[in-house]
Structures are given as C-alpha cells and as structure tokens.
1. For region 281-305, what are the residues that are farther than 28 Å from Trp31 by Cα and surrounded by 18 or more Cβ atoms within 10 Å (Cβ to Cβ)?
2. Asp19: charged (D, E, K, R) and in a loop (DSSP other than H, G, I, E, B), yes or no?
3. Go through region 98-129 and report how many residues are modelled with pLDDT of 95 or more, outside any loop (DSSP other than H, G, I, E, B) and farther than 20 Å from Val213 by Cβ.
4. Only one of (1) in contact with a strand residue (DSSP E or B) (Cβ under 8 Å, 6 or more places away or on another chain); (2) farther than 23 Å from Ala272 by Cα; (3) not assigned by TED's automatic domain parsing to the domain that holds Gln287 fails for Arg85. Which number is that?
5. What residue, of Asn4, Asn34, is closer than 30 Å to Gly242 by Cα, under 20 Å from the mean Cα position of the chain (by Cα) and among the polar types (S, T, N, Q)?
6. Exactly one condition in (1) in contact with a Phe, Trp or Tyr (Cβ under 9 Å, 6 or more places away or on another chain); (2) part of a strand (DSSP E or B); (3) of a type in the set (Phe, Trp, Tyr) is not met by Tyr284; state its number.
7. Please find, within region 121-142, the residue that is nearest to Trp250 (Cα to Cα) out of those that are of a type in the set (D, E, K, R) and without any contact (Cβ under 8 Å) to a residue 60 or more places away in the chain.
Amino acid sequence: MGANFAGIAAAQHLGGGFDVTVVDRWPWFEWLPNIHELLSGVKRPADLRLPRARLVSKAGHRFLRAEVETIEAAAGRLTTTQGRRVDFDACIVAVGGTDETFGVPGADRHALPFKNVEDCHAIGRRLAALARRRTPATVVIAGGGLEGVEALGEILRRYRRTGRLHVEVVEAGPRLLPGAPAAIDASVRRHCAGLDVRLHTGTRVTAVTPARVRLDSGAILRSDLTIWTGGVTAPPLLHESGLADRPRQWAPVTAALQSRRHDNLFVAGDAAGLPRPLAKQAYYALQMGECAARNVVRALAGRRPREFVPGPKPMLVAFGDLDTYLVAGRRVVASPSLASAKEAVLQFTMAQLDPPLGTDALGGLARRFAATLRARLL
C-alpha cells in the first residue's frame with residue numbers, strides 16, 4: 001500500500017516467488033526532496049515524476065491504481081473505495097502522511113499546501129501570475145522549517161530582483177529550521193538582509209483568510225498568497241484500520257517495522273511510528289522499504305524479522321541559488337556549489353529506481369538532464 005519512496009523500494013526488493021500487488025491512487029512516483037524548485041521554474045513536473053506502473057512492472061509485479069478504504073488485517077484483506085477486494089498473506093503499509101494544519105481556521109481553504117508536485121506546480125503558477133501584476137504582491141509562508149526555507153529560497157531565486165513580491169515567513173519555533181543547527185538560521189537571515197523579506201519567529205498562525213493571515217501576537221499580515229508548510233500528520237486510514245490507537249497517530253511498529261497490532265502487517269516510511277523516531281526524510285523511507293520487504297520474506301518463511309538500522313546520511317538544505325547547506329549531525333557546511341550535490345542525488349536515485357535500459361526510461365533520463373541544465377543556465 002503506497003508507491004512512493006518506501007513502497008517502491010519495498011516492491012523492488014521483493015523478488016520472485018511472491019504474487020505482489022502494489023496499490024496507490026496516483027499514477028506517478030514523485031521525487032519530493034526537490035519539489036521546491038517548481039516554485040522558481042528550475043524544475044517542471046515531468047522532471048520529478050516517474051510512472052508507477054512502469055516501475056512496478058519492471059520489478060515483476062502488478063500495479064493497481066486505487067485508493068484503499070479499509071484494511072482488515074485479521075482477514076488478510078484490503079478493500080478499495082471502488083469496492084475491489086485484495087487478499088494478502090502479508091501487507092506493507094507505506095501510505096505516507098497528510099497535511100497538518102493544526103486546526104487553524106481557514107488554513108485548509110485559503111492556503112496552498114506544499115506536499116507534492118501538483119501542489120508546488122500550482123504555487124509556481126500563482127507566483128508567476130502575482131509577479132506580472134502592476135502592483136507589488138505579498139506572499140506569506142506559514143512554517144519556517146525545511147519546506148518553508150526551501151520555498152523562500154526559490155522565490156528569491158526567481159523574484160528577488162524584480163521588486164514585485166514581498167515575502168513574510170512565520171515560524172512558531174524560536175528560529176528558522178528549529179531542528180537544525182542555529183548556523184543555518186543565521187545564514188538565511190544574512191542572505192535576506194536588504195531583501196524584501198520579513199521573518200517572524202516565536203509566533204504562530206491562528207487564522208487564514210483569502211487576504212489576511214493572523215498571528216497569535218495579534219499582528220495581521222496582508223497576503224495575496226499563503227503557502228502552508230506547517231507539517232505532516234498521520235492519515236486517517238491508520239486509525240480507522242486499527243493500526244494506530246487514536247487519530248493523527250503514526251502506526252506503532254517494532255524495531256523491525258512490524259506492526260504492534262498485527263503480525264502480518266509491516267509499516268514503512270512516514271506512516272511508521274518507530275520506537276526511536278526518525279526525521280521523515282526520503283532516504284530513510286527508501287531504507288525502510290527495503291527492510292520491510294526483506295522482513296516480509298523472513299516472516300513468511302517463519303524466520304524472525306531483523307531490526308531496521310538507519311544508515312547515517314547527511315541532509316542537504318537548498319536555499320535557492322543563494323546557498324545550499326550540508327548538515328551532518330550538528331555540523332554545517334554551506335556553499336552555493338553544493339546545489340550540484342543535491343541535483344546529483346536526484347538524478348542518481350531516479351536512475352536507480354528507473355534504470356535507463358529501455359527507450360522510455362532512457363528518454364526520461366535525457367529529458368530530466370536537459371531540462372535542468374536549460375533552467376539553470378537561464
């Protein structure tokens with residue numbers, strides 16, 4: 001269940017001897033770590049997407065485009081919203097998360113989410129339209145974590161010299177990227193000095209209207225476009241199907257990614273509530289998908305599943321063309337040239353997921369390289 005990072009990795013590590021069905025409601029695998037570049041036009045939707053049916057078929061499995069409505073673990077069955085039933089001996093649940101608005105009035109109606117390719121492509125189109133107006137426009141970014149900082153960087157990449165967009169960033173924590181070293185906050189502030197950007201930290205959004213954003217300080221920000229990067233929460237399906245005890249809770253799992261509620265279910269990626277929480281990052285999801293697949297094989301053979309051991313990997317935080325930060329523990333290296341490393345991760349992993357052996361995959365690889373080169377040269 002689910003065919004993005006964890007789900008696709010699981011499918012690709014389930015070999016022969018199994019009748020595997022991969023279920024997802026959307027046709028595209030999406031490379032989410034670079035969706036911020038859709039705001040500036042450095043990327044187009046096709047640069048960040050791969051057809052799930054092709055990826056699953058290459059792995060020797062069946063892709064079912066459908067939305068799962070219920071999981072009945074005891075019966076070994078899931079049911080789609082169209083009423084189709086799929087039986088299983090084991091199920092890997094990799095359904096990801098959903099947008100978290102924290103109950104802020106108007107956030108789900110008047111702010112644009114920042115969760116997938118279509119979301120960010122829509123934001124990019126809206127930004128371009130605002131920049132064409134005769135009068136300057138104001139953009140509010142609700143959330144100054146990873147997504148908010150990368151969104152700000154792309155807006156500055158394309159529009160900082162035009163004088164057409166004023167940007168307000170609101171972060172509830174004491175600084176930008178509160179979970180990262182403080183040096184990044186200081187560096188972003190230096191880059192923003194003298195630009196049409198205002199940073200609000202230690203305050204949170206309490207309401208969103210079509211033209212205003214209210215803060216808990218009582219301040220009211222004018223907004224022609226509000227971008228919501230406030231976080232992620234567990235999808236309702238986890239609680240409704242008994243994988244979690246309460247709504248908005250990630251499915252509790254053992255250290256081997258096995259559900260604590262049902263032995264025939266393994267949970268990977270964002271949906272997994274690990275004994276020791278991890279950052280919800282793509283590289284962990286890929287590792288978890290592989291581990292879940294191997295543990296399904298072991299469990300079906302009557303062998304004990306092995307614990308998931310996350311590999312140490314640094315994080316790359318992009319700030320448009322102004323800077324890129326390599327974060328390894330509490331250490332940070334910053335340089336605009338590190339943007340090439342983030343691009344290399346994208347291209348290398350996409351080629352791994354969709355090896356350029358056939359005409360379609362080879363053509364997709366060539367188009368991604370050409371489009372990225374063209375956009376960066378412009």
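The values are calculated or read from the model by the stated rules, or taken from the named source; none is laboratory data. Quick caveat, the model's predicted, so the values are computed rather than measured. Every residue, glycine as well, gets a Cβ built from its backbone with ideal geometry; the counts of neighbours run over all protein chains shown.
1. Those that are farther than 28 Å from Trp31 by Cα and surrounded by 18 or more Cβ atoms within 10 Å (Cβ to Cβ): Ala299, Pro305.
2. When the stated conditions are applied, Asp19 passes them.
3. 6
4. (3)
5. Selected residue: Asn4, the only one of Asn4, Asn34 that is closer than 30 Å to Gly242 by Cα, under 20 Å from the mean Cα position of the chain (by Cα) and among the polar types (S, T, N, Q).
6. Among (1) in contact with a Phe, Trp or Tyr (Cβ under 9 Å, 6 or more places away or on another chain); (2) part of a strand (DSSP E or B); (3) of a type in the set (Phe, Trp, Tyr), the lone unmet condition for Tyr284 is (2).
7. Checking each candidate, the answer is Arg125.
Every residue, every condition in (1) farther than 20 Å from Gly148 by Cβ; (2) in contact with a helix residue (DSSP H, G or I) (Cβ under 6 Å, 6 or more places away or on another chain); (3) at pLDDT 95 or above; (4) buried (at least 16 other Cβ atoms within 10 Å of the Cβ), yes or no:
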{"site": "Glu307", "(1), (2), (3), (4)": "yes, no, yes, no"}
{"site": "Tyr325", "(1), (2), (3), (4)": "no, yes, yes, yes"}
{"site": "Ala328", "(1), (2), (3), (4)": "yes, no, no, no"}
{"site": "Ser335", "(1), (2), (3), (4)": "yes, no, yes, no"}
{"site": "Leu338", "(1), (2), (3), (4)": "no, no, yes, yes"}
